[in-house]
Structure formats: C-alpha cells, structure tokens
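**Q** Take this structure, written in structure tokens, and hold onto it; I'll ask about it next.
The values are calculated or read from the model by the stated rules, or taken from the named source; none is laboratory data. Note that the structure is a prediction, hence the values are computed from the model and not measured. Positions of Cβ are generated from backbone atoms using ideal geometry, with glycine treated the same way; all protein chains shown enter the neighbour counts. Heavy atoms of the whole protein, side chains included, go into the accessibility calculation; ligands, DNA and RNA do not. Shrake-Rupley method; radii C 1.70, N 1.55, O 1.52, S 1.80 Å.
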Amino acid sequence: MYFKLSLKNVKKSFNDYTLYFLTLAFGVCIFYIFNSIEAQKAMMSISESTAEIMKTVTKLMEMISVFVAVILGFLIVYANNFLIRKRKKEIGIYMTLGMGKGKVAKLLVAETFIIGVLSLGVGLLAGIFLSQGLSVITAKLFEADMTKYQFIFSYSAFLKTTAYFGIIFIVVMAASTISISRYKLIDLINAEKKNEKQRIKNPIVTALLFTLSVACLAVAYALVLKNGITRFDNRLLFEVILGSIGTFLFFASLSGFFLKILQSNRKLYLKGLNMFILRQINSRINTAHVSMSFICLMLFFTIGILSTGLGINKALNESYKYTVPFDASFMMIGNGSTQEGNIEEKLKQYGINIDDYAQNYVKFPLYQYSKESLTNAIVFKKVGKMLPDDLRQFGMGNQIKLMRLSDYNDLMKLQGKEGINLSGNQIALHSEYAAYTPDLKRALSKFIEMKYTVKISGIDYTVYPKLITDAVMTGGGNIALLFIVPDKMASGNTVIETIISLNCKGDRKATERKLESDLYVVSKKYDRREFGVSGATRGMIKDLAAGSKAIISFVGIYLGIIFLLTSAAILALQQLSEAADNRSRYSILRKVGADDGLINSALFKQIAIYFMMPLSLACIHSIVGIKVANDAISDVGSMNVLGNIIMTAVLIIIVYGSYFLATYFSSRSIILKGGQNGREEY
C-alpha cells in the first residue's frame, strides 16, 4: 500500500522532483565515468609504463571519489530535507487523518527508494555511454593505439557507483525517519505561517562587518599577489584563511547593509516590485549566508581549477619536449673518485647490453670542482632580482657541475647539432631548466650580455656569448646551472655522475620499446639501490608527462563539475524552498493588482540576483587566483589562460544557467499553482 501511495506521490509531484532527480542522475553519471578509467586500457595498445601510470591515475580517482561521495551525500541529504520541508503541511494532514509518524516515515522512505533507483539507473546508463568519450580523451593523452576499440563496460565502476549511492540513500532514508520523528503536528500544520528570524539587523553593525570583510579580502589579495603560491607553507595557509573569513563576513554583512544602501535610493527602491524583491533577497541572504559563502568558495575553486588546471597541460608539453633529446639515457652516481663509472658493465650484469640497442652513444662524466666550492651564487648574485622566486630563495648554495667541452660537442653531434668552441680562459653557461623557465633564461642571458667574468681559483674566466640550453640526457631537464669548460680544466676533479645518452638502432621506436620492456622487467626483479643505475627512455618520459596531464585534467574536470553541480543545486533548492514558502505573499501581490507579467518579472530578477551574488564574488576571487597561478606556472612554461577561461565560462553558462532557468520555471509553477487554485494540492 505504501509503495503504491509513494509511487502516486512521485508521479503527482513530478515537477518538484525533476531538479532533484536530474541532479542525482548527473552525479551518478559523473561518478561512474571517472571510476571507469582503468577499464579503458583494455581497448588501447599501451606499454608497461603507461599501464603503471594508469593504475596510479585509477587509485587517485578512487581516493577523490570518496571525497566526491561525501559532497554528493551532503547534497542529497540537503535536497531531501528541502522536499520534506516543502511537504510539511501535507505530512501534517496525513497525521491529522490518523497516520502515525512511523507510517509517514515509511511513505517517505519508499519515495526516496523509488527516486534513488530511477536516478541510479538513468545515471549509470548515461555514464556507460558517455565514458566511451572519456576513453577517446584518455587515448589521446597517452597517444595510445585505438585500433582495438570496443564498447567498454566497467563492472568495477558499476559496483562501486551502486555501493556508494546505495549507502548514501540509506543515510538519506535514516535522516528522513529521524526528521519526521522530531516534528510536532502543530508545527507541521502551521509551517507556512512561520517566518525566518533575522540574526543581524543593525545597519551599523552590518556596515562595520562589510568594511572588515573588504579589508580582509584586500589584504589576502595583496599578500597572495606578492608572495605567490609556489610553496604551500604557513604564509599561504594564512592567506587562504584570511580570504575565507573575508568571504564569510561579506555574505554575513550583506543582508542589512545591502538593503540599507538600496533603500537610500528611493527612486530605485520604490519602482515596480523592487521593494518586494529586495526584501525577499535580504531575508534569504540573512538566513543562508553560510551556505552562500561555501557556494562562493566552491565556484571559485571550480573557475580556478578549470581555468588553470587544464592550462598546465600546455606548460607540461613545453617542458616535456626539452627533456627527451635522445632515445634513452642511463645515469650512475659517482663514488667520490676521479674515475668514471662503468655503466656498460653494470647493465650487463642485469642482462642489458648497450650494444644490443644503441646505434651510437656518448658516455660522459659530470664533475664537481675540487679546489674550491663553486656554487650558483657566483652567477646568481649578479642577477638575483631577475631570478624565479624558488631559485632566488633556495638555489644559491647548490654546487655547480662541470662538463668537458669535448663531451658536450659529442652530444650535440649525436643530436645532429653544431658544437661550440671555447678559448683558453673561457667557459659556457649551460641551463636545461632555462629552456622552459623564461625568468631564469632572461637572468642568465643578462649575465652574459653584461660580460661579467667568473673567478675560479684566482683566474677570471670570460663567458661564451650565448646561453646553452640543449639537454644532455633524456629524463633530465632540471639542471639550473652547469659550466661547460675546457677538457683540461675538468680533468682530475671528482666525478659525481656518469651518464650515457644513446639513440637506438634499426627500427628506433621498436628498439626503444624493447629496451623499455627489458628495463621494466629489471625494475620489477631487482631493488633499485641494488641495480645502481637509473635509466629512462623517450617513451617512458612521454608516458610520465601524459600521466601528469591526465591526472591534472581528470581531477580538475571531476572536482570542477561536482562543485559546480553542488553549488547550482543548493541555490536552486533554496530558491524553490523560498517559492514554496512565499506562495501566499505572491497571492497577496496578485490581489492588490500585480498582474502575472509583473510577478514573473519580479521572480526572475529575484532568482537572477540570488544566483549571481556568489558567482560574482567567485569571479573576483578568480581574477586574483588565475593571475597568481599563471605566474607560478610561468616557471615551467606559458599557459593559454584566455582559451581556458572561455571554455570554463561556457561550461558555467550551460550548467549554472540550466539550473537557473529550471529554478525560475519551477518557482513560477509553484507560485502560479498556489495563486490560481487558491488552495494547496496534495
């Protein structure tokens, strides 16, 4: 009997449940898609390193999904409370007619179960089809072969989605039962007659709070613009807390202050139904300023992560191309002597013969100067103000490595490039890091342009008139400063690293994949410290870069969409709740002469202002956040900010705009139903 009555209630309240149902289905769909990544590798031809990276991406998605489940759980409980609140009077009538609280709770549990099963089914179905599109994106990121493409169904993602949302709905059912047990019949019958209490009314207090909020935000903006976000320390934590406090104070003070300011403009305040609209918004903000603050911060996170997170991929692409000059490289740490390490012999002990893979290779040592300490400060102090923050603060004391001129020229020959010549007392500045770090490149170029000399053991060395940025090994790219010196100057110093860089023979790509596969076997069979040699192929570095891009893209899109969905849904539910509570007020407006066009216009303005307030402050936060993120990313490359901002704006317009329009039309339906019928329908 309860199931039939519940089914009838769901059908009858279809308009009320539509937004709730679509939000649930969308949440289920997104949850399934981002948990089906591991299954997608079945249709791609990928290497062992790519498979390992996809495992890492999958584990990360699993951890984030727990957080997402908590967010969606909160949203569903919040939405369910809204539906119960909207139906208080109906529930009161059920109880008046003799239905006990337990039976009312069973009725609501049955309704929740019906909606849950429907949304789970529709969401999973949509997720299964849309996840095929994510497969294409994943294959593109890893440059995988898609000739084995087949329709993928992830059994693991299906079970995980069903289990997580099953638990969420059980919690919702329990919350509904507890909520019903606490209601008193008199409160349910008179639910619509109760007004919400305003906690802050004094305009002077709200004006002071508003001023304090603006001050907090201004100081937070100034500090983060000055200090940047390259390091997560107590200073950055303070800036985040200060910005959050400013946001909460802004919305807490807005109600009284906002209304007082607008009341001072009598022409605007008394025009049409503005007085009614502004008082409605003022009342809503006063009671919902905490949730509005959270929504503003979530929208800020959404805009920030979608605008900058995806842009990091372009920066990673730029840095990646500088780190793979050869098909493969191996490196052995020195033992404190002046002798080069025997990498070839060490590799042979583990079944890897360099000659089986390499057409040509260059073996070279990197030295540490023995007669005195040579640190980056020798060069960096002359151009300190131009350096990136991380190098200026932490890179001064690093020892400078030395490379023989003949080794450098052999490496350039292997790359098909021209070498350089140095005179007797001349050295060249080499920096792979500067290739994709504009500030460092400008600083070192300035040092060369100013014709500074470098004093080593009492001798002034002139500097080669061009900054060298060509990488000398695959998988390196992190050398901030290295001196290329005449051979006789390097000889006799301590060998700190011995490196082999090679290009593969025969079918270079196939040979490189064979080498990568053999290295994978060795890495699984032996401890890395026992092996004693680190190595990387071009493909391994490419896969690592693709994995980084996939993680940034997937995490950004996953969390961005969930936060955007949650923000829009909460605002929509609050406005629908407001509409349900205010049917009688709109009915009075109609009785005193306001026609439907005027009421519809007032409702549209009210909902539009309510949706725009948190989004507007989030956009202001984002202007600062994107500027700081862009400065931080410029250390590793440039970022297409405009393109990402446009893409983010389109996504927000689609999702946020859809919720806004759905809220407006649903609210109008609720108000017109109450006004035209003059009574409630159950």
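**Q** Please find, among PHE611, PHE604, the residue that is open to solvent by less than 50 Å² (accessible area, probe 1.4 Å), modelled with pLDDT of 80 or more and either touching a helix residue (DSSP H, G or I) at 6+ places or on another chain (Cβ under 8 Å) or not hydroxyl-bearing (Ser, Thr, Tyr) (or both).
**A** On the way: PHE604 fails: open to solvent by less than 50 Å² (accessible area, probe 1.4 Å).
After ruling out the rest, the residue left standing is PHE611.
**Q** For segment 413-437, which residues satisfy the criterion of being among the hydrophobic types (A, V, I, L, M, F, W, C) and open to solvent by 10 Å² or more (accessible area, probe 1.4 Å)?
**A** Hits for segment 413-437 are LEU414, ILE420, LEU422, ALA435.
**Q** Shifting gears a bit: Out of all the residues in segment 235-274, which are at pLDDT 80 or above and over 18 Å from LEU209 (Cβ atoms)? First the steps, then the outcome.
**A** Looking only at segment 235-274, we keep the residues that are at pLDDT 80 or above, and these are 235-253.
ARG235, LEU236, LEU237, PHE238, GLU239, VAL240, listed by residue number.
**Q** Give me the pairs, please: first residue somewhere in segment 402-417 and farther than 14 Å from GLN359 by Cα and without any contact (Cβ under 8 Å) to a residue 40 or more places away in the chain, second residue anywhere and in a helix (DSSP H, G or I) and aromatic (Phe, Trp, Tyr), beta-carbon distance under 6 Å, and either six or more positions apart or on two chains.
**A** That search, which allows pairs on different chains as well, returns nothing.
**Q** A follow-up question, please. Exactly one condition in (1) among the aliphatic types (A, V, I, L, M); (2) closer than 19 Å to ILE180 by Cα; (3) crowded, with 19+ Cβ neighbours inside 10 Å is not met by VAL28; state its number.
**A** For VAL28, the failing item is (2).
Yes/no per residue for (1) crowded, with 16+ Cβ neighbours inside 10 Å; (2) under 30 Å from LEU559 (Cα atoms):
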| site | (1), (2) |
| --- | --- |
| VAL68 | yes, yes |
| GLY73 | yes, yes |
| LEU83 | yes, yes |
| LYS88 | yes, no |
| ILE91 | yes, no |
| MET95 | yes, no |
| GLY100 | no, no |
| VAL104 | yes, no |
| LEU108 | yes, no |
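**Q** Starting from residues that are modelled with pLDDT of 85 or more and open to solvent by 70 Å² or more (accessible area, probe 1.4 Å), keep the ones in segment 350-369 and report whichever is nearest to SER491 (Cα to Cα).
**A** TYR361
**Q** Between residues in segment 50-79 that are touching a residue at least 12 places away in the same chain (Cβ under 8 Å) and residues that are open to solvent by 20 Å² or more (accessible area, probe 1.4 Å) and of a type in the set (Phe, Trp, Tyr), which pairs lie under 6 Å by C-beta distance while being six or more apart or on different chains?
**A** ALA69/TYR164
**Q** So LEU576 passes all but one of these: (1) over 15 Å from the mean Cα position of the chain (by Cα); (2) at pLDDT 85 or above; (3) not acidic (Asp, Glu). Which condition number does it fail?
**A** Against the list (1) over 15 Å from the mean Cα position of the chain (by Cα); (2) at pLDDT 85 or above; (3) not acidic (Asp, Glu), LEU576 comes up short only on (2).
**Q** Let me ask something else. Pairs under 7 Å by beta carbon, first residue under 30 Å from THR648 (Cβ atoms) and in a helix (DSSP H, G or I) in segment 588-616, partner of a type in the set (D, E, K, R) and open to solvent by 30 Å² or more (accessible area, probe 1.4 Å), six or more apart or different chains?
**A** Here the result reads LEU603/ARG668, each pair linking segment 588-616 to a residue that is of a type in the set (D, E, K, R) and open to solvent by 30 Å² or more (accessible area, probe 1.4 Å).
**Q** Among (1) open to solvent by 30 Å² or more (accessible area, probe 1.4 Å); (2) among the basic types (Lys, Arg); (3) more than 24 Å from LEU559 (Cα to Cα), which single condition is LYS59 missing?
**A** (3)
**Q** Further question: Within the set of pairs 6+ apart or on separate chains, which have a first residue in segment 324-350 that is closer than 22 Å to ASN478 by Cβ, a second that is aromatic (Phe, Trp, Tyr) and in a strand (DSSP E or B), and C-beta atoms under 8 Å apart?
**A** ILE343/PHE330
**Q** Against the conditions (1) open to solvent by 20 Å² or more (accessible area, probe 1.4 Å); (2) farther than 30 Å from MET540 by Cβ; (3) in contact (Cβ under 8 Å) with a residue 12 or more places away in the chain, where does ILE115 fall short? Just the number, please.
**A** (1)
**Q** For segment 455-471, name all the residues that are open to solvent by less than 40 Å² (accessible area, probe 1.4 Å), at pLDDT below 90 and more than 33 Å from the chain's Cα centre (by Cα).
**A** Once the filter is applied, which keeps residues that are open to solvent by less than 40 Å² (accessible area, probe 1.4 Å), at pLDDT below 90 and more than 33 Å from the chain's Cα centre (by Cα), segment 455-471 yields only ILE456.
**Q** Hey, another quick one. Quick one: which residue in ALA220, ALA215, ALA175, ALA157 is surrounded by fewer than 19 Cβ atoms within 10 Å (Cβ to Cβ) and either in contact with a Phe, Trp or Tyr (Cβ under 8 Å, 6 or more places away or on another chain) or at pLDDT 85 or above (or both)? I'd like the intermediate steps shown before the answer.
**A** Details: ALA220 fails: surrounded by fewer than 19 Cβ atoms within 10 Å (Cβ to Cβ); ALA175 fails: either in contact with a Phe, Trp or Tyr (Cβ under 8 Å, 6 or more places away or on another chain) or at pLDDT 85 or above (or both); ALA157 fails: surrounded by fewer than 19 Cβ atoms within 10 Å (Cβ to Cβ).
When all the criteria are applied, what remains is ALA215.
**Q** Which one of these is modelled with pLDDT of 65 or more, open to solvent by less than 70 Å² (accessible area, probe 1.4 Å) and not acidic (Asp, Glu): GLY643, GLY674, GLY678, GLY637? Write out each step before concluding.
**A** Numbers: GLY674 fails: modelled with pLDDT of 65 or more; GLY678 fails: modelled with pLDDT of 65 or more; GLY637 fails: modelled with pLDDT of 65 or more.
Of the residues listed, the single one that is modelled with pLDDT of 65 or more, open to solvent by less than 70 Å² (accessible area, probe 1.4 Å) and not acidic (Asp, Glu) is GLY643.
Here is a yes/no grid of residues against (1) in contact with a Pro (Cβ under 8 Å, 6 or more places away or on another chain); (2) of a type in the set (A, V, I, L, M, F, W, C); (3) surrounded by fewer than 17 Cβ atoms within 10 Å (Cβ to Cβ):
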{"residue": "SER517", "(1), (2), (3)": "no, no, yes"}
{"residue": "SER534", "(1), (2), (3)": "no, no, yes"}
{"residue": "MET540", "(1), (2), (3)": "no, yes, no"}
{"residue": "LYS549", "(1), (2), (3)": "no, no, no"}
{"residue": "SER553", "(1), (2), (3)": "no, no, no"}
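**Q** Can you pull out the residues in segment 446-462 that are touching a strand residue (DSSP E or B) at 6+ places or on another chain (Cβ under 6 Å), without any contact (Cβ under 8 Å) to a residue 40 or more places away in the chain and of a type in the set (A, V, I, L, M, F, W, C)? Let's see the steps before the verdict.
**A** Going through segment 446-462, the residues touching a strand residue (DSSP E or B) at 6+ places or on another chain (Cβ under 6 Å) turn out to be 448, 453-454, 461-462.
Cutting the leftovers down to without any contact (Cβ under 8 Å) to a residue 40 or more places away in the chain gives us 448, 453, 461-462.
Passing the criteria: only ILE448.
**Q** Does GLY127 fit the bill of being modelled with pLDDT of 85 or more, under 21 Å from GLY27 (Cβ atoms) and buried (at least 19 other Cβ atoms within 10 Å of the Cβ)? Lay out the reasoning, then the answer.
**A** Numbers: modelled with pLDDT of 85 or more: yes; under 21 Å from GLY27 (Cβ atoms): yes; buried (at least 19 other Cβ atoms within 10 Å of the Cβ): yes.
The answer is yes for GLY127.
**Q** Given the criterion farther than 22 Å from GLU52 by Cβ and either touching a Ser or Thr at 6+ places or on another chain (Cβ under 8 Å) or surrounded by fewer than 22 Cβ atoms within 10 Å (Cβ to Cβ) (or both), identify the matching residue among ARG508, ARG513.
**A** Values: ARG513 fails: farther than 22 Å from GLU52 by Cβ.
The unique qualifying residue is ARG508.
**Q** Shifting gears a bit: Which of the residues spanning segment 239-262 are within 21 Å of the chain's Cα centre (by Cα) and free of Cβ contacts under 8 Å to residues at least 24 places away in the same chain?
**A** Within segment 239-262, GLU239, VAL240, ILE241 meet the criteria.
**Q** Of everything in segment 326-349 that's open to solvent by less than 20 Å² (accessible area, probe 1.4 Å) and either touching a Gly at 6+ places or on another chain (Cβ under 7 Å) or of a type outside the set (Phe, Trp, Tyr) (or both), which residue is nearest to SER501 (Cα to Cα)? Steps first, answer last, please.
**A** Residues of segment 326-349 open to solvent by less than 20 Å² (accessible area, probe 1.4 Å): 326-330, 341, 343, 347.
From what is left, the residues that are either touching a Gly at 6+ places or on another chain (Cβ under 7 Å) or of a type outside the set (Phe, Trp, Tyr) (or both) are 327-330, 341, 343, 347.
Details: ASP327: 8, ALA328: 6, SER329: 4, PHE330: 7, GLY341: 14, ILE343: 11, LEU347: 14 Å.
The residue in question is SER329.
**Q** Let me ask something else about it. For VAL290, work out the one condition from (1) within 21 Å of GLN574 (Cβ to Cβ); (2) open to solvent by less than 20 Å² (accessible area, probe 1.4 Å) it doesn't fulfil.
**A** Every listed condition holds for VAL290 apart from (2).
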